[in-house]
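Below is one structure, written out as structure tokens, with a few remarks after it.
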Amino acid sequence: MTIIQVFDPALCCSTGVCGVDVDQQLVGFSADIDWAKQKGAQIERFNLAQQPMEFAQNTIVKAYLERSGVEALPLILVDGEVALAGRYPSRAELSRWADLVISEEKPKSGCCDGNSSCS
Amino acid sequence: MTALRFLEQPPRFLFFTGKGGVGKTSVACATAIMLTTVGRRVLLVSTDPASNVGQVFGVPIGNQITLISAVPNLSALEIDPQAAAQSYRDRIVGPIRGILPEAVVKSIEEQLSGACTTEIAAFDEFTSLLIDSPLTADYEHIIFDTAPTGHTIRLLQLPGAWSHFLEEGKGDASCLGPLAGLEKQRSQYKAAVDALANPLRSRLVLVARAQQATLREVARTHEELASIGLSQQYLVINGIFPEEDVAHDRLATAIFTREQNAMATMSKVLKSLPCDRIELKPFNLVGLDALRKLFTPVLSTHSATDTSTSAIETPSLSKLVDEIAKDQKGLVMLMGKGGVGKTTLAATVAVELALRGLSVHLTTSDPAAHLSDTLQGALANLTVSRIDPQAETERYRETILATKGAQLDAQGRALLEEDLRSPCTEEIAVFQAFSRVIREAGHKFVVMDTAPTGHTLLLLDATGAYHREVSRQMAGSEVHFLTPMMQLQDPKQTKVLLVTLAETTPVLEAANLQADLRRAGIEPWAWVINNSVAAATVHSPLLRQRAENELQKIEAVATVHSKRYAVVPLLENEPIGLERLHELANN
């Protein structure tokens, strides 16, 4: 099974609600992760402020930090390889990596909207 | 020796709580000494961020259990939130220093320097003392000289709130900062809560003075703590004026009558508690000898000669207000150890400014302060408000859910709601309310009665963290920005009045606070000495002795500590109501 690893910058907590200002992106991304996990995706999140050893022990992440610095986080690895850097993935990207079906709830009125089949 | 009820068959844990300045530390220290004299091994713990237990025993204590050599069988520990947070930071950062780039290490340290890390790290140490551990196994009694009321209540409520937070399992545990990933802490909190609620193991001693406002507050504390399970409570009324020392002195008679009246009219709940009364002593409670004598009545120093001591000439608070008024607007903050009368003096400054025709907003961030009780009246250009941590936290949660959470689906919203229940949000919410108040001072006077020392410093720390955050984001851009911290550092915009009493410990603590503020780049504008007996005319021997003791302290404040100062006399009547507050400033 695909493992998605998210290496966050130093955060007070993963939604950012404990910080002096709440970052909209973090709130949205935390919700997306929760959604993807409920769908069975395997996602791990590491906070630089709380689990720095995870950063130090992963050669890819360590090298990335040395080259680009903390400003360049987050870094997302899929099965140990860099999948995205410098921004958080969208729900669609998470689904693609984890092979999730993104929309099983269809609007009642309509028919299919493209790639999924009406059932 | 009179038998004191709170010392009868003491359980293992003894907590002393009460408003600052009522003598908690003295009573806690005297209790510790007392128990060691009957052969018990005692650990005395202060959870006050501005602890002075070390000063009482004349040895530096700090974050380690320290043997008090002058008192056999006694050890002491000061839980210092800053040091606890530092050791937590070292634990996290130590292993990666030199492995990850320096800038990365710095960003971690910065993130871990907030108020929340501090609070949680200190709390973690507190609970570790309530559970069975080899560290404390040797002690038959652990005595907690707790932090001032509001903070204590929060601290004591946390075990319940947090084990709940962890049990839910939905919330993001990383929101617990230092406790992240340590769900095993859950059993520690459960054990701590159980120990607190068990009367065979814990006894709570409410310490008060015989003043109406203090007793009302103690009644509130009693109910709040009883509601979280600390049912076995005792009451100690400290510093009662002894009848035989009244000696035809008007001020002494007034104090005596006022105190007896306050005790006679205290609430039924308080009257039902086992109660001990300790008399006012003519000496300062510093040093072992003084502490050993605290629980023993002193023989009155009746002198046959009918002499009196006249009030000394001192600058009045009104003079300081004249100078403040010249600026037409700004923030006036009253700071100092709890119980020195910040609320009363903040109300006085606000009333005096309002009487000079200026527009004033009087506010408090002390969860235990009650401005309306002090003012008992209204003035046209004076508004009064209160930063209520609970209400602010609720407001903050609602705002975040309505803005940042607006786009989320039901599930995402539920997750955000869970995270917002993290104990850290309260600190942020109070800080935001504080920032609003600071902004308001740009166009009128805002007089702020701050929370007790330690909490105020945590708040300022949050202000500092915000300042660093904004500065970093703004670095390189041409945008003009003004953070709350910059406003606090500008004497044109902010005037800090340090409030103290003319006694050894309060003066020392105010001086320490002044040093802390200076490190944060804030220069206190003036000192105010409250409740001065020397500034009143007295002839009761006990009061004369106390007035005599004060002179040296007033001298030190005037010449060493302050740029400008004022002395507010001890009045015959409790300074409540607009008229008496006005009298206080102009005596």
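Laboratory data are not the source of any read-out in this text; all were calculated from the coordinates shown. No experiment lies behind these values; they were computed from the predicted model shown. Glycine gets a Cβ as well: all are built from the backbone with ideal geometry, and neighbour counts include every protein chain shown.
FRET efficiency for the B:Ala197 to B:Glu140 pair, using the beta carbon distance and R₀ = 25 Å, is estimated at 0.75. Across peptide A:49-58, the average count of Cβ atoms from other chains found within 10 Å of a residue's Cβ is 6. The mean number of partner chain beta-carbon atoms within 10 angstrom of a residue's beta-carbon across peptide B:91-101 is 4.
Each of B:Asn261, B:Ala226, B:Ile240 was placed along the dipole of region B:206-264 (beta-carbon charges, centred on the mean Cα), and the one lying farthest toward the positive end is B:Ala226. The distance between label points at B:Arg91 and B:His370 comes to 4.0 nm (points 7 Å beyond Cα on the Cα→Cβ vector). Backbone amide hydrogens, once placed in the peptide plane, bring B:Ile278 within less than 5 Å of B:Ile237, B:Asn238, B:Gly239, B:Ile240, excluding anything fewer than 5 places away on its chain. Here B:Trp527, A:Trp97 are placed in order of increasing Cβ neighbour count within 10 Å, fewest first, which gives A:Trp97, B:Trp527. Remark: mean inter-chain Cβ contacts per residue of B:395-405 equal 3, using a 10 Å Cβ-Cβ cutoff to other protein chain atoms. The label point for A:Arg96 and the one for B:Lys106, both projected 7 Å from the Cα toward the Cβ, are 3.7 nm apart. Put simply, when B:398-406, B:138-146 are sorted by average Cβ atoms within 10 angstrom per residue, most first, you get B:138-146, B:398-406.
Using a simple spin-label model with pseudo-atoms 7 Å out from Cα toward Cβ, A:Gln42 and B:Ala380 lie 7.5 nm apart.
When only the Cβ of Lys, Arg, Asp and Glu is charged (+1, +1, -1, -1), the dipole of region B:1-121 relative to its Cα centre reaches about 420 debye. Ordering B:Phe256, B:Phe57, B:Phe16 by the number of other Cβ atoms within 10 Å of each residue's own Cβ, fewest first, gives B:Phe256, B:Phe57, B:Phe16. Taking Lys and Arg as +1 and Asp and Glu as -1, the other residues whose beta-carbon sits under 14 Å from that of A:Thr59 total -1. Report note on the peptides B:98-105, B:427-434: ranked by the mean count of other C-beta atoms within 10 Å, highest first, their order is B:427-434, B:98-105. Arranged from fewest to most other beta-carbon atoms within 10 Å of their beta carbon, B:Ile554, B:Ile529 become B:Ile554, B:Ile529.
Our coupling estimate for region A:85-95, obtained by passing each phi through the Karplus curve with A = 6.51, B = -1.76, C = 1.60 and θ = phi - 60°, is 9, x, 8, 7, x, 7, 4, 5, 5, 4, 4 Hz, Gly and Pro reported as x.
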